[in-house]
1. Using modelled backbone amide H atoms (1.01 Å from N, in-plane), which distant-in-sequence or interchain residues come within less than 5 Å of D:Ser51's amide H?
2. What lysines sit close enough to C:Lys81 to cross-link, taking a C-alpha to C-alpha distance under 24 Å and skipping anything fewer than 8 places away on the same chain?
3. Which ³J(HN,Hα) values, rounded to whole Hz and listed in residue order, are derived for region C:3-15 from phi using the Karplus coefficients 6.51, -1.76 and 1.60 in 6.51 cos²θ - 1.76 cosθ + 1.60 with θ = phi - 60°, glycine and proline given as x?
4. From the label point of A:Glu93, set 7 Å along Cα to the beta carbon, how far off in nm is each other copy's matching point, shortest first?
5. Taking the Cβ of each residue in D:Lys69, A:Lys6 as the centre, tally the other Cβ atoms inside 10 Å and list the residues starting with the fewest.
6. Give me a comma-separated list of calculated 3J(HN,Hα) values for region D:57-74, in order, Karplus coefficients 6.51, -1.76, 1.60 applied at θ = phi - 60°, integers in Hz, x for any Gly or Pro.
7. Long-range amide H contacts for C:Val96: which residues qualify at under 5 Å (H placed 1.01 Å from N, peptide plane, sequence gap of 5 or more or a different chain)?
8. Can you list residues whose amide H is under 5 Å from D:Ala65's amide H, if they're 5+ apart or on another chain and H is modeled 1.01 Å from N?
Number of protein chains: 4
Amino acid sequence: MTIGKKHWAIAEGYIPEGSTGPEPEMLSHETACILNTTDQDAHVELMIYFSDRDPIGPYEITVLAKRTKHVRFNDLAEPEKVPRGTDYASVFESDVPVVIQHTRLDSRQAELGLLSTMAYSE
Amino acid sequence: MTIGKKHWAIAEGYIPEGSTGPEPEMLSHETACILNTTDQDAHVELMIYFSDRDPIGPYEITVLAKRTKHVRFNDLAEPEKVPRGTDYASVFESDVPVVIQHTRLDSRQAELGLLSTMAYSE
Amino acid sequence: MTIGKKHWAIAEGYIPEGSTGPEPEMLSHETACILNTTDQDAHVELMIYFSDRDPIGPYEITVLAKRTKHVRFNDLAEPEKVPRGTDYASVFESDVPVVIQHTRLDSRQAELGLLSTMAYSE
Amino acid sequence: MTIGKKHWAIAEGYIPEGSTGPEPEMLSHETACILNTTDQDAHVELMIYFSDRDPIGPYEITVLAKRTKHVRFNDLAEPEKVPRGTDYASVFESDVPVVIQHTRLDSRQAELGLLSTMAYSE
């Protein structure tokens, strides 16, 4: 059985800026968890939207067949890094059905999540 | 690609009353994050509902084409401020499809969200 | 404009048992926020499900036209109190469309919510 | 009245590894709350997906008629334990409609949940 949709959006995102010590750095794991239950690799294109500039992307993400992937927005590098200290939103388009959940991890507590919500799909 | 719906609701809202020091003030960022992926500006009308009085609004919000906007309920002023210390709910009607997520920001932690949930859409 | 559905479910609920001081008492505000945007009063029937006994209810809840209501599970009394220290789930049936959000309030922080998620609807 | 769907997914999961004292152990209650409102027992098959290995399962879960069940991922044993310190995702298939909510419990606070989100359904 496969499950999911091809289009997903997360309206809220924020990566803290700079560093005021080791803790804020550790707190900043903004993540999109992508689940691909199909037997084909999922090719996902991610666009990042802002309040005051044109969207950037697409970021190309591959989630292998029958695998899950935790995409950390902090780690996105191509076509450019996601700016820090800036509100953003994200839109995902996949060529096979996937499920996407938005989670902010707090590494102070052994990777427990601070918040999590299923993304919007259609 | 565009994504979203025109009607959204958040059943739970609360802006803390007054101030008992600097911290409660900083904690009170109740936010609706609106994403507009279309190439037209989104004109959004927001109505606020209460437990014991008639709804107020509409508040007029514009989210530019291909942009995101974080609407802070604390900042809403026209037609009137949202009362503090009062439970409320909010309903959004947009002229183009948008995605809306409800987030409560905790500014003690470099703007990390304390909670977040996708709003109800139809 | 009205928005919502007539059937909602929250699969997770828990009211802490007893009291180990003033704090646990203050932490135990398990809430269903119900929004009624219609111009008719909503008559909502709530059933509570358990892991090891028959469901109880219906609890009768009225949400006035164009009003919101925060239902605290702690306060439910008829036909009986919701047991403490027990996992439960809740199902709502309304005669007009409503929107229901599940929130656990942490009154240590001026009523800020600790978690919130839109309920399941159909 | 019954409510629910037969297919559910949670894209994000994590059970902390080992123990660095009593607190991390207490924090690790990753839970899927399953509600069965039908008058038949629900036979649920759970598959666990990973980033770097084949999925494991199915885990067989029975939720009795008109009952709720809190499934702790920590407790799953057959066909094998869920690895600690590893990102995973979960997919549920039920033979009757159910409602599934993902909750991470923080037992430091009398079983209050740290985060909760309705799972994705179809």
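1. A:Thr68
2. Excluding near neighbours in sequence, the set is C:Lys69, D:Lys66, D:Lys69.
3. Result, ordered by residue: 8, x, 9, 9, 10, 9, 9, 10, 7, 10, x, 6, 10 Hz.
4. Reported distances to equivalent positions: 3.1, 3.1, 4.4 nm.
5. Working: D:Lys69 23, A:Lys6 16.
Taking fewest neighbouring Cβ atoms as first place, the list is A:Lys6, D:Lys69.
6. Once θ is set to phi - 60°, the couplings for region D:57-74 become x, x, 7, 9, 10, 10, 10, 4, 4, 6, 9, 10, 9, 9, 8, 8, 4, 4 Hz.
7. Long-range HN contacts for C:Val96: C:His43.
8. For D:Ala65, the qualifying residues are D:Asp41, D:Ala42.
Just so you know, all these numbers are worked out from the coordinates, no wet-lab data involved. All figures in this text were calculated on a predicted structure; none of them were measured in a lab. All Cβ positions, even for glycine, are placed from backbone atoms using ideal geometry, and neighbour counts span all protein chains on display.
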